[in-house]
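K.L.:
Please find one structure pasted underneath; my questions will follow.
The values are calculated or read from the model by the stated rules, or taken from the named source; none is laboratory data. Worth saying up front: this structure is predicted, and the values here are computed from it rather than measured. Ideal geometry is used to build each Cβ from the backbone, glycine not excepted, and the neighbour counts take in all protein chains shown.
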Amino acid sequence: MESAEKILKEINFAKNKLASLSKTVHGDLTIGASLTLGEHILPYILGKYQKQYPNVHLDMKVGNSEHIMEKLENQQIHLAFIQSTSRYRKFTQQLFLEDELVIIAPQHFIYPEFDCVSEYISAEMLLAMPMIIREQGSGTRQVIEEQLRNNHLDPHKINVVLELENTESIKAAVESGLGISIISKASVRKELRLNTLRKLSIKGMHLKRKFYSVYDEQNLSLPSSSFLSFIHHYYQQKSS
């Protein structure tokens, strides 16, 4: 098995070397991204990458983390970008971005008893308030449940009133006054700036998650390698 893996790596290396001799990176690159990344973060990076590598044909599939990993396992995509977990140990995982999660609330609830809620709430209040949350299998939901456990809160006690499959639907449901949600700060900057939503906080609780690139190291094409280098370098520069 080890010799076969070595041969595959050598073949892949040779292919990449030949392609690089043409002085250009070219070919197809299909990436998969979880919803927050695919809707609010990666499109900006894709534009910058395409400008530098115009001969790469890009395609991005967006879905929840489980669906994206299924595509990677079935070789339907070359690279996955998700809030990774230890479940995918057969693949190489590289941290590239840390994301802040925020609790969002409407300006006015449909439940009058919650309209007096101030910016700072207790952990008990978080569990009592009506919550709009992503569906099972979503990386965002997994991270929220994990973060609640880390803060000694039982995620099974969340008062879930609605499950939705995408970020935009969640924001619209919160704006309508139906309840609160926990969402990526990157996906809600405009709404907070325009005051269509407001941010709630719990003293001492910091909700963060990490985004990873996930891939099969033995099957990296030159476009895949170049995109990985590009995105990791981009965020290293931003954080320095």
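K.L.:
Could you run through the range 57-69 and say how many residues are at pLDDT 90 or above and part of a helix (DSSP H, G or I)?
P.N.:
Adding up the residues that qualify gives 3.
Quick grid of which residues meet (1) modelled with pLDDT under 90; (2) crowded, with 19+ Cβ neighbours inside 10 Å:
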| site | (1), (2) |
| --- | --- |
| 71 | no, no |
| 74 | no, no |
| 80 | no, yes |
| 105 | no, yes |
| 123 | yes, no |
| 129 | no, yes |
| 137 | yes, no |
| 142 | yes, yes |
| 145 | yes, no |
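K.L.:
Among the residues of the range 51-89, what is the count of those that are of a type outside the set (A, V, I, L, M, F, W, C) and free of Cβ contacts under 8 Å to residues at least 40 places away in the same chain? Can you show your working first?
P.N.:
Residues of the range 51-89 that are of a type outside the set (A, V, I, L, M, F, W, C), as a first pass: 51-55, 57, 59, 61, 63-67, 70-71, 73-76, 78, 83-89.
Now restrict to residues that are free of Cβ contacts under 8 Å to residues at least 40 places away in the same chain: 51, 54-55, 57, 59, 61, 63, 70-71, 73-74, 86-87, 89.
Final tally of qualifying residues: 14.
K.L.:
Among the listed residues 201, 187, which satisfies the condition of being surrounded by 21 or more Cβ atoms within 10 Å (Cβ to Cβ) and hydroxyl-bearing (Ser, Thr, Tyr)? Can you show your working first?
P.N.:
On the way: 201 fails: surrounded by 21 or more Cβ atoms within 10 Å (Cβ to Cβ).
Only one candidate qualifies: 187.
K.L.:
A follow-up question, please. Identify, by number, the condition in (1) more than 14 Å from residue 199 (Cα to Cα); (2) at pLDDT 90 or above; (3) surrounded by 13 or more Cβ atoms within 10 Å (Cβ to Cβ); (4) not basic (Lys, Arg) that residue 180 doesn't meet.
P.N.:
Condition not satisfied by residue 180: (1).
K.L.:
On to the next question. Restricted to the range 147-175, and to residues that are outside any loop (DSSP other than H, G, I, E, B) and of a type in the set (D, E, K, R), which residue is surrounded by the most Cβ atoms within 10 Å (Cβ to Cβ)?
P.N.:
Initial filter on the range 147-175 (outside any loop (DSSP other than H, G, I, E, B)): 147-150, 155-157, 159-164, 167-175.
Those still in the list that are of a type in the set (D, E, K, R) too: 149, 157, 163, 168, 171, 175.
Working: 149: 11, 157: 12, 163: 14, 168: 12, 171: 21, 175: 16.
Checked the range 147-175; the qualifying residue surrounded by the most Cβ atoms within 10 Å (Cβ to Cβ) is 171.
K.L.:
Oh, and also: Answer yes or no as to whether residue 90 is part of a loop (DSSP other than H, G, I, E, B), more than 14 Å from the chain's Cα centre (by Cα) and of a type in the set (D, E, K, R). Steps first, answer last, please.
P.N.:
Numbers: part of a loop (DSSP other than H, G, I, E, B): yes; more than 14 Å from the chain's Cα centre (by Cα): yes; of a type in the set (D, E, K, R): yes.
Judged against the criteria, residue 90 is a match.
K.L.:
Now, a different point. Inside the range 161-188, can you point out the residues that are closer than 17 Å to residue 141 by Cβ and free of Cβ contacts under 8 Å to residues at least 40 places away in the same chain?
P.N.:
Selection gives 161, 162, 163, 164, 169, 170.
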